[in-house]
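> Take this structure, written in structure tokens, and hold onto it; I'll ask about it next.
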2 protein chains.
Amino acid sequence: MQTKRAVSLEAWLTLRAIEGVGDHTILALVREWQSPDAVLRASTDELIQRGCSRRLADVIRRGPDREACQRIERELTAIERKQIDVRTILDSSYPTRLRMIPDPPPVLYVSGTLNQSDELAVAVVGARRATASGRLVTESLANGLAGAGLTIVSGLARGVDAAAHRGALAAGGRTIAVLGCGIGQTYPPEHGRLRHEIEERGAILSELPFEAPPHSGHFPRRNRIISGLSLGVVVTEAAIDSGSLITARLAAEQGREVFAVPGFVKSETSRGTNALIKEGAALIECAQDVIDAIAPQLEPALRARLSCPPREKQTGDRFGNQEQLVYDALSYDPLTVDHLIEQTRLPVASVMVSLLSLELRQRVRQLPGQRYLKL
Amino acid sequence: MQTKRAVSLEAWLTLRAIEGVGDHTILALVREWQSPDAVLRASTDELIQRGCSRRLADVIRRGPDREACQRIERELTAIERKQIDVRTILDSSYPTRLRMIPDPPPVLYVSGTLNQSDELAVAVVGARRATASGRLVTESLANGLAGAGLTIVSGLARGVDAAAHRGALAAGGRTIAVLGCGIGQTYPPEHGRLRHEIEERGAILSELPFEAPPHSGHFPRRNRIISGLSLGVVVTEAAIDSGSLITARLAAEQGREVFAVPGFVKSETSRGTNALIKEGAALIECAQDVIDAIAPQLEPALRARLSCPPREKQTGDRFGNQEQLVYDALSYDPLTVDHLIEQTRLPVASVMVSLLSLELRQRVRQLPGQRYLKL
């Protein structure tokens with residue numbers, strides 16, 4: 001079995017390595033011949049009989065060039081050494097929802113685990129240059145969704161993506177990162193530890209050759225996998241004309257529901273989400289809003305797996321006088337302690353005590369450089 | 001004519017001053033008898049013949065009490081002395097759109113001018129405790145709408161209302177304030193000068209007796225006039241469960257389109273507007289969005305009066321390095337110079353020069369206390 005699978009994988013990679021044979025052709029050929037090995041074993045005449053052009057038939061018979069063959073060798077070794085799980089479109093364990101998009105990836109490299117519970121997945125994506133408050137909103141949203149039993153799918157990028165993965169992990173939930181590079185690479189490099197945590201409690205996915213470097217051209221294609229795996233796509237912050245908006249529009253074309261978090265009209269990273277809402281995306285403020293929207297569309301068996309967390313408190317508990325002063329002086333943009341002291345005209349000690357008390361009640365978060373953010 | 005009119009006005013006020021005769025009854029009686037004088041001249045039997053209960057007929061025949069009669073005298077004197085224009089539902093100059101709501105005010109006191117161009121009106125309302133950035137967004141929106149030829153209707157309240165009136169005045173446009181007190185009063189008192197400016201370039205309206213004090217019970221009824229006069233209602237900032245949301249819902253019941261400016265999900269004054277968008281209000285970011293939505297619904301003659309301003313610039317012109325640093329450190333919440341110096345680590349002089357330059361390019365606004373706000 002192991003051998004058959006390895007042979008089959010080699011055939012997939014060989015077919016894909018042939019210059020001039022793209023995903024679309026591979027899917028058509030494999031659909032026709034039932035396996036990539038059969039395609040590779042077929043004669044030119046047989047290929048032509050089943051609808052290939054002479055040029056394509058010749059190209060397939062010739063196979064990949066020498067360099068590509070060496071790369072496939074290296075790739076097979078690396079897949080075995082790093083225990084990468086490769087799933088092809090013919091495998092029953094290939095993600096169900098992804099299989100149904102118009103252009104599913106023929107081959108999917110998986111590091112970590114991909115399991116049945118990941119059928120209940122929601123994508124959370126957005127700006128790399130997210131604001132501090134945008135990252136917090138993303139984290140809290142992903143946390144709530146993961147806590148309800150949804151797998152959070154995102155792209156391991158800086159900003160919103162990382163916050164989405166972290167929110168899911170903090171809830172003890174599952175999360176999937178789809179890379180825009182080969183699974184042998186980590187991009188951005190500083191997310192090595194985050195990647196490791198995701199592999200422990202979810203999966204890293206890529207459709208690209210093992211060592212493919214990150215390349216801007218890969219990202220739009222990668223995004224169709226993110227939405228393809230998901231029941232819906234949440235955009236928490238996005239600039240106008242950004243990749244996140246492309247993902248959202250692609251998602252809508254795939255029939256996925258699009259959700260957007262609104263923001264201040266003058267904030268660059270809210271222009272995109274506000275634009276999505278104008279175009280018909282659902283405005284959401286918290287995890288429950290997303291759950292309320294997707295739950296009714298689920299088959300009963302899947303819906304039963306969703307646990308509904310209590311609604312977030314909308315109003316705060318009461319503060320003391322000084323705490324209230326400090327809380328009112330805080331902003332959703334980070335402020336320094338000095339700024340808060342000046343604003344409140346309270347003694348340093350009172351401000352520090354109030355901040356600590358607010359922090360314990362999760363109404364403020366301390367950021368590096370003694371800066372504080374309203375929660 | 002003057003005398004006939006004065007007699008008729010006295011009859012309106014008399015009818016309204018009778019204990020137990022509300023607006024609904026007045027409208028029904030006047031619709032039946034064609035004038036308030038005729039109602040007051042009718043005998044008990046005649047009143048009963050035309051559908052009044054015996055109790056109501058007796059009450060009308062008895063007329064208002066002595067105290068009320070003295071108040072009407074004072075009111076008529078004040079109306080003449082202050083040159084208040086009183087329009088009743090039977091006057092052809094009564095605002096057309098307002099006449100068609102289910103419960104139009106029978107009598108409308110007008111200080112200033114109300115003219116035909118005010119048929120093209122949009123209400124801009126929202127939180128009294130608006131944020132600094134919310135007030136700016138409101139001002140800019142009202143400015144754009146008034147510049148396009150729309151009259152801005154609001155409630156003279158603190159916060160969003162005042163910003164809406166000011167934005168319209170700054171554009172050289174027209175604006176109408178509907179009071180929640182009698183027209184002889186100004187509430188809040190600090191808006192005396194704003195009121196005067198509105199009277200010069202629009203109108204102050206009230207349906208209440210001349211000296212009626214502001215009373216919380218008046219405001220919800222007042223709001224039906226604000227939306228009744230308007231083609232649509234824009235809410236720029238509003239808390240959840242606030243009066244502005246009630247106005248918006250009333251407006252929707254009157255068949256008016258509701259527009260809301262989205263905001264950060266954790267900001268109290270955006271919770272209401274985000275909720276409105278969830279409920280189906282149109283998300284708008286600028287004046288043009290509102291114009292695009294209402295123009296197609298207008299009769300061609302009215303539409304021709306709308307001039308369309310150019311779309312606001314979405315992206316800024318380029319800044320110098322230091323300017324960019326300062327601009328990036330700014331926030332949509334006011335920040336002190338000290339905070340900006342600390343954030344940018346630039347010398348004081350550079351920060352000040354950059355702020356001045358940004359101010360000249362209208363990218364920052366200085367607020368009292370050397371605080372600065374990103375625009």
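> Once Rh is set to the Kirkwood radius over Cα pairs, what Stokes-Einstein translational diffusion coefficient, in µm²/s, holds for the range A:131-204 at a temperature of 10 °C and a viscosity of 1.306 mPa s?
Here the translational diffusion coefficient equals 134 µm²/s.
> OK, next. Per the Debye formula with a single identical scatterer at each Cα and no solvent contribution, what log10 I(q)/I(0) holds for the range B:60-172 at q = 0.11, 0.16, 0.20 Å⁻¹?
Per q value, in the given order, log10 I(q)/I(0) is -0.51, -0.89, -1.09.
> Another question, if that's okay. Quick check: residue separation of residue B:99 and residue B:292 times 0.36 nm, minus the Cα distance between them. What number comes out in nm?
66.9 nm
> May I pose another question? Taking amide H positions as placed 1.01 Å from N in the peptide plane, with prolines and chain starts having none, which residues 5 or more places from residue B:153, or on another chain, fall under 5 Å of its amide H?
Under 5 Å from the amide H of residue B:153: B:122, B:123, B:124, B:176.
> Separate question: Every other copy gets compared here: list the nm distances from the residue A:279 label point (7 Å along Cα to Cβ) to its counterparts, shortest first, one decimal.
2.8
> Per residue of the range A:268-279, in order, report the coupling 6.51 cos²θ - 1.76 cosθ + 1.60 (Karplus, θ = phi - 60°) as ³J(HN,Hα) in whole Hz, putting x for Gly and Pro.
Karplus values, whole Hz, x for Gly and Pro: 3, 7, 9, 4, x, 5, 4, 4, 4, 5, 4, 7.
> Right, here's the next one. Would you pull out the residues with amide H under 5 Å of residue A:375's amide H, same chain only if 5 or more places away, H placed 1.01 Å from N?
A:364, A:365
> Can you tell me the orientation of helix A:66-81 relative to chain A, as the angle in degrees between its alpha-carbon axis and the longest Cα principal axis, to the nearest 10?
The answer is roughly 50 degrees.
> Using alpha carbons only, what's the Rg to Rh ratio of the range A:229-375 with Rh from Kirkwood?
My calculation puts Rg/Rh at 1.09.
> Here's a follow-up. Using a 1.4 angstrom probe on the protein heavy atoms only, could you order B:253, A:119, A:32 from most to least accessible area?
Largest to smallest exposure gives the sequence B:253, A:32, A:119.
> Got the residue A:302 label distances to the other copies yet, label 7 Å along Cα→Cβ, in nm, shortest first?
4.6
> Rg and Dmax of chain A, using alpha carbons, in Å: what are they?
24.2, 88
> Using Cα pairs under 8 angstrom and six or more residues apart, how large is the relative contact order of chain B, in percent?
Computed value for chain B: 12 percent relative contact order.
> When the accessible area of the range A:35-144 is computed with all protein chains present and a 1.4 Å probe, what percentage of it is carbon and sulfur?
44
> When averaged across all projection directions, what area in nm² does the alpha-carbon convex hull of the range A:15-98 cover?
Hull-based average projected area comes out at 6.2 nm².
> Give me the residues in the range A:254-286 whose solvent-accessible area, probe 1.4 Å, is reduced by at least 20 Å² once all protein chains are included instead of the chain isolated.
Flagged in the range A:254-286: A:262, A:263, A:264, A:265, A:266, A:271, A:274, A:277, A:278, A:283, A:285.
> In square nanometres and to one decimal, what's the mean projected area of the convex hull around the Cα atoms of the protein assembly as shown?
43.2
> Keeping every protein chain present and rolling a 1.4 Å probe, give me the accessible area per residue for the protein assembly as shown in Å².
46
> Next up: Any idea what the relative contact order of the range A:1-133 is, in percent, if you count C-alpha pairs under 8 Å spaced at least 6 apart?
23
> Evaluate the relative contact order of the range B:233-362 (contact order divided by residue number), counting alpha-carbon pairs under 8 angstrom at least 6 apart; express in whole percent.
Contact order relative to length: 17 percent.
> Mind listing the label-point distances from residue A:221 to the same position on all other copies, shortest first, one decimal in nm, points 7 Å along Cα→Cβ?
6.9
> Taking the range A:127-167, how much of its Cα-Cα pair set, in percent, is spaced more than 13 angstrom apart?
Looking at the range A:127-167, the distances longer than 13 Å represent 42 percent of pairs.
> Between chains A and B there is a rotation axis; tell me the chain A residue with the nearest beta carbon and how many whole Å away it sits.
A:262, 2
> Report P(r) for the range B:216-308: all Cα-Cα distances, bin width 5 Å, range 0 to the bin holding the largest distance, values in whole percent.
3, 14, 23, 23, 19, 11, 6, 2, 0
> Counting protein heavy atoms only and a 1.4 angstrom probe, how many square angstrom of accessible surface do chains A and B bury in total, to the nearest 100?
Buried: approximately 2900 Å² between B and A.
> Let me ask something else. Diagonalise the Cα gyration tensor of the range B:162-267 and give the resulting equivalent ellipsoid semi-axes, square root of 5 times each eigenvalue, largest first, whole Å.
23, 17, 14
The values are calculated or read from the model by the stated rules, or taken from the named source; none is laboratory data. Source: prediction; values computed, not measured. Please note: Cβ atoms are built from the backbone with ideal geometry, for glycine as well, and neighbour counts cover all protein chains shown. All accessible areas refer to the heavy atoms of the entire protein, side chains included, with ligands and DNA or RNA removed. Shrake-Rupley method; radii C 1.70, N 1.55, O 1.52, S 1.80 Å.
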